[in-house]
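Novice: Input: one structure, supplied below.
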Amino acid sequence: MIHFNTALRGALLASVVALGATGAQAQNFVNVLTGGTSGVYYPLGVGLSNIYAENIDKVRTQVQSTKASVENLNLLQDGRGEIAFSLGDSVAAAWAGNAEAGFPEKLDKLRGIAAIYPNYVQLVALAEAGATSLNDLPGKAVSVGAPASGTELNARAIMGAAGMSYDDLGKTEYLPFAESVELMKNRQLDATLQSAGLGVASIRDLSTSVDITVLEIPASIAETLGAPYQAATIPAGTYDGQDADVPTVAISNYLITHSDVSDDLAYEMTKQLFENLETLVSSHQAAAQITLEGALDGMPIPLHPGAERFYKEQGLID
């Protein structure tokens, strides 16, 4: 009898484990890959995660802070996330397998969800550094973003278009947004280049702590670089002490997934994004620039079939 009960208990336990595994398989998991917590990707990722958790059946979500674009795309290729924020030039480089940009091989599993809002390259210096434009950077101590991040790729491209390299700087630091700002507050850096949505928290924090100058990046830089770069303007009053419009360059951001995500889940991730834009704006004002009409603009990789189904329903594609 004892042996029978032991065997019965074992069989029952196995059944429970099997049922639990079946239940787990029935539940979708969405890991949202973002960026540093002081950037724009992170609060938008939190907002997107909440939208998905509330509106997609049988889904669990989490938000992962990362080094942003390059790391996000590599994580997607490895199946370690379901949706990610990335700059358009990073996506194009990943699809091409550009080793210098951080992609030794083509990331062939990447699939598009949507074009979202533009990143503005925001080059900010301490007012006491005496710089007013990109051309004043030589000899200055500058943070160009986390190593091989989308921001750092932008910094490299923009300086190259101006006929400069990191060798021309007095000091080059490879730091995320928040760490760059802290060093500037302590007068250990002269400037930081941050590629983000307007009103990024890190630069807002800096501008309320010390006097800053938002440096001009001439329209000629965008012309030299070509697509996906474009001339843009940081409006006056975006940051404390910024009294005038400042020319710069911008580049589109994208939401990206991978081919192993199911069609149904990719469809819902796309649909819920556009059906809850007002909610997402409450996470960060950058989301106010996301539109359904612009969702396919410049998409550098193939759409996920699930996203494609949504856009067909909306009449954006045949």
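Novice: Can you tell me which lysines have their Cα less than 21 Å from the Cα of LYS58? Leave out same-chain residues fewer than eight positions away.
Specialist: Correct list for LYS58: LYS271.
Novice: Show that you can apply the helix-only estimate: for the chain, add -39,500 (n - 2.57) for every DSSP H stretch of four or more residues, divide by all residues, and state [θ] at 222 nm to the nearest 500. Mind showing how you got there, number by number?
Specialist: Details: 11 runs with 122 residues, N = 318.
Computed ellipticity for the chain at 222 nm equals -11500 deg cm²/dmol.
Novice: Explain nothing, just the number: dipole magnitude of segment 163-318 about its Cα centre with +1 on each Lys and Arg Cβ and -1 on each Asp and Glu Cβ, in debye rounded to the nearest 20.
Specialist: Working: 7 positive and 24 negative charges, 34 e Å.
Once rounded to the nearest 20, the dipole reads 160 debye.
Novice: Kindly give Rg over Rh for the chain, based on alpha-carbon atoms, with the Kirkwood expression for the hydrodynamic radius. Provide the component values of the computation, followed by the final result.
Specialist: Details: Rg = 22.4 Å, Rh = 20.8 Å.
Taking Rg over the Kirkwood Rh, I get 1.08.
Novice: Would you work out which of ASN253, GLY197, LEU265 lies farthest towards the positive end of the dipole of the chain, given +1 charges on the beta-carbon of Lys and Arg and -1 on that of Asp and Glu, about the Cα centre?
Specialist: Positive-most Cα among the choices belongs to LEU265.
Novice: Going by average Cβ neighbours within 10 Å, how do the peptides 218-224, 176-182 rank, with the highest at the top? Spell out each step's value before the answer.
Specialist: Working: 218-224: 17.0, 176-182: 23.0.
Result, highest mean Cβ count within 10 Å first: 176-182, 218-224.
Novice: Might you report the magnitude of the Cβ-based charge dipole of the chain about its Cα centre, with Lys and Arg at +1 and Asp and Glu at -1, to the nearest 20 debye? The partial results should precede the final answer.
Specialist: Working: 17 positive and 36 negative charges, 204 e Å.
Dipole magnitude for the chain comes out near 980 debye.
Novice: Normalised by the empirical 2.2 N^0.38 Å for globular proteins, what value does the Cα Rg of segment 60-178 take?
Specialist: Values: Rg = 15.9 Å, N = 119, 2.2 N^0.38 = 13.5 Å.
In units of the globular-protein estimate, segment 60-178 measures up at 1.17.
Novice: Let me ask you something else. Rounded, prolate or oblate: pick one for segment 119-251, where a ≥ b ≥ c are the square roots of the eigenvalues of its C-alpha gyration tensor, a/c under 1.5 means rounded, and failing that, prolate if a/b is larger than b/c, else oblate.
Specialist: On the way: a/c = 1.44, a/b = 1.15, b/c = 1.26.
Cα axes put segment 119-251 in the rounded bin.
Novice: Could you tell me the relative contact order of the chain? Use alpha-carbon pairs under 8 Å, at least six residues apart, and round to a whole percent.
Specialist: Numbers: 656 pairs, mean separation 72.7, N = 318.
The value is 23 percent.
Novice: Could you pull out every residue, at least 5 positions away or on a different chain, whose amide H is within less than 5 Å of the one on VAL40? Hs are placed 1.01 Å off N in the peptide plane, and Pro or chain starts have none.
Specialist: For VAL40, whose amide H was placed from the backbone, the distant partners under 5 Å are GLY197.
Novice: Report the Cα centroid-to-centroid distance between segment 50-110 and segment 216-253 in angstrom, as an integer.
Specialist: 26
Novice: A follow-up question, please. Could you work out which residue, out of ALA236, ALA84, ALA191, moves most in a Gaussian network model of the chain, that is, has the largest mean-square fluctuation with Cα springs under 10 Å?
Specialist: ALA236
Novice: With +1 assigned to the C-beta of every Lys and Arg and -1 to the C-beta of every Asp and Glu, and no other charges, what is the dipole magnitude of segment 75-206 about the Cα centre in debye, to the nearest 20? Write down the numbers at each step before the final one.
Specialist: On the way: 10 positive and 16 negative charges, 46 e Å.
For segment 75-206, the charge dipole is close to 220 debye.
Novice: Could you sort the peptides 99-108, 34-43 by per-residue average Cβ neighbour count (10 Å cutoff), highest mean leading? Could you put the intermediate results ahead of the total?
Specialist: On the way: 99-108: 15.1, 34-43: 25.9.
Those peptides, ordered most packed to least, come out 34-43, 99-108.
Novice: Explain nothing, just the number: relative contact order of segment 119-251, from Cα pairs under 8 Å at least 6 residues apart, as a whole percent.
Specialist: On the way: 271 pairs, mean separation 44.5, N = 133.
33 percent.
Novice: Among ALA162, ASN74, PRO104, pick out the residue whose Cα is farthest towards the positive end of the charge dipole of segment 37-186, where Lys and Arg carry +1 and Asp and Glu carry -1 on C-beta, about the Cα centre.
Specialist: The residue sitting farthest along the positive end of the dipole is ASN74.
Novice: If I build a Gaussian network model for the chain, linking alpha-carbon pairs within less than 10 angstrom, which residue out of GLU293, GLU173, GLU152 has the largest mean-square fluctuation?
Specialist: GLU293
Novice: Further question on the same structure: Rank ALA232, ALA288, ALA114 by mean-square fluctuation in a GNM of the chain with C-alpha springs under 10 angstrom and give only the top-ranked residue.
Specialist: Of the options given, ALA288 has the highest mean-square fluctuation.
Novice: Restricting the count to DSSP beta bridges whose residues both fall in the chain, what percent are antiparallel, rounded to a multiple of 5? Mind dumping the intermediate values first?
Specialist: On the way: 26 of 41 bridges.
Taking every DSSP beta bridge with both residues in the chain, the antiparallel ones total about 65 percent.
A short reminder: the numbers here are calculations on the coordinates, not readings from a lab. Everything numeric here is computed off the predicted structure, so don't read it as measured data. We place every Cβ from the backbone using ideal geometry, glycine too, and count neighbours over all the protein chains shown.
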